[in-house]
1. Look at region 138-171 and say how many of its residues are of a type in the set (Gly, Ala, Ser) and surrounded by 12 or more Cβ atoms within 10 Å (Cβ to Cβ).
2. Output yes when any residue across region 128-137 is loosely packed, with under 12 Cβ neighbours inside 10 Å and modelled with pLDDT of 90 or more, and no when none is.
3. Give the residue, chosen from 40, 92, that is at pLDDT 85 or above, over 21 Å from residue 150 (Cβ atoms) and not charged (D, E, K, R).
4. Check region 114-127 and report whether any residue there is among the acidic types (Asp, Glu), at negative phi and not in a helix (DSSP H, G or I).
5. From the list 131, 95, exactly one residue is closer than 23 Å to residue 55 by Cα and part of a helix (DSSP H, G or I). Which is it?
6. Inside region 146-174, can you point out the residues that are at pLDDT 95 or above and assigned to a helix (DSSP H, G or I)?
7. Would you check if there is a residue in region 104-117 being at pLDDT below 95, open to solvent by 20 Å² or more (accessible area, probe 1.4 Å) and either touching a His at 6+ places or on another chain (Cβ under 7 Å) or among the aliphatic types (A, V, I, L, M) (or both)?
8. Give the residues of region 86-95 that are open to solvent by 20 Å² or more (accessible area, probe 1.4 Å) and either within 13 Å of residue 127 (Cα to Cα) or of a type in the set (Asp, Glu) (or both), sorted by residue number.
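The values are calculated or read from the model by the stated rules, or taken from the named source; none is laboratory data. Source: prediction; values computed, not measured. Positions of Cβ are backbone-derived with ideal geometry, glycine not excepted, and every protein chain shown enters the neighbour counts. These accessible areas exclude ligands, DNA and RNA; they are computed on the full protein's heavy atoms, side chains included. Shrake-Rupley method; radii C 1.70, N 1.55, O 1.52, S 1.80 Å.
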Amino acid sequence: VRSLERMGVSMVIIEDKTGLKKNSLFGTEVEQTQASIPDFCAKIAAGKKAQRTSEFMICARIESLILERGMEELTHVLGSVDENLDALERAFAFVGAGADAIMIHSRKKDPAEIFEFVERFRAKDAVTPLVVVPTSFNTVTEEEFKARGVNIVIYANQLTRTGFPAMQHAAELI
């Protein structure tokens, strides 16, 4: 956190998965696990404690929807509560631990579950910035996201995708 602050970075996004970084769009096709809520809250709190400026932000990225855990509490067959609670429980816990923003991500082609998350989150928290990355659905405008309560839209690979046709054309010319 301190190194990022010294470099002039204004926000870092940390995801609640454990282990080596794997592309979220793989979803459940590859093994990916989430940190427990207490462990991830401790990570957020440690980052906030290390912070030296009030401008720097820590954004908690929630992978529950990517991992198809949904928004409702999960239970095992025997009825005991899973330690990896739903996306909303994580979001509120992470804000409570000091997260300055929440990023919610989905790999579905339809933005419905993102819209549902935003609506349900905003019903309890109208202030914390929400970040979305519409990588797999490109039909929603920034204005629509804003109207629903989203504050930041990250276009993760749209520019890269537009570069491929130009590179392909150049390769064919060569």
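1. So the first thing to find is which residues in region 138-171 are of a type in the set (Gly, Ala, Ser), and the list is 147, 149, 156, 163, 166, 170-171.
Now restrict to residues that are surrounded by 12 or more Cβ atoms within 10 Å (Cβ to Cβ): 149, 156.
Of the residues in that region, 2 qualify.
2. Applying the first criterion (loosely packed, with under 12 Cβ neighbours inside 10 Å) to region 128-137 yields none.
Looking for residues that are loosely packed, with under 12 Cβ neighbours inside 10 Å and modelled with pLDDT of 90 or more, one finds none in region 128-137, hence no.
3. Working: 92 fails: over 21 Å from residue 150 (Cβ atoms).
Exactly one of 40, 92 is at pLDDT 85 or above, over 21 Å from residue 150 (Cβ atoms) and not charged (D, E, K, R), namely 40.
4. Yes, some residue in region 114-127 is among the acidic types (Asp, Glu), at negative phi and not in a helix (DSSP H, G or I).
5. Numbers: 131 fails: part of a helix (DSSP H, G or I).
Within the list 131, 95, the selection yields 95.
6. Selection gives 146, 147, 148.
7. Among the residues of region 104-117, at least one is at pLDDT below 95, open to solvent by 20 Å² or more (accessible area, probe 1.4 Å) and either touching a His at 6+ places or on another chain (Cβ under 7 Å) or among the aliphatic types (A, V, I, L, M) (or both), which makes the answer yes.
8. Quick first cut of region 86-95, residues open to solvent by 20 Å² or more (accessible area, probe 1.4 Å) only: 89, 92-93, 95.
Within region 86-95, 89, 92, 95 meet the criteria.
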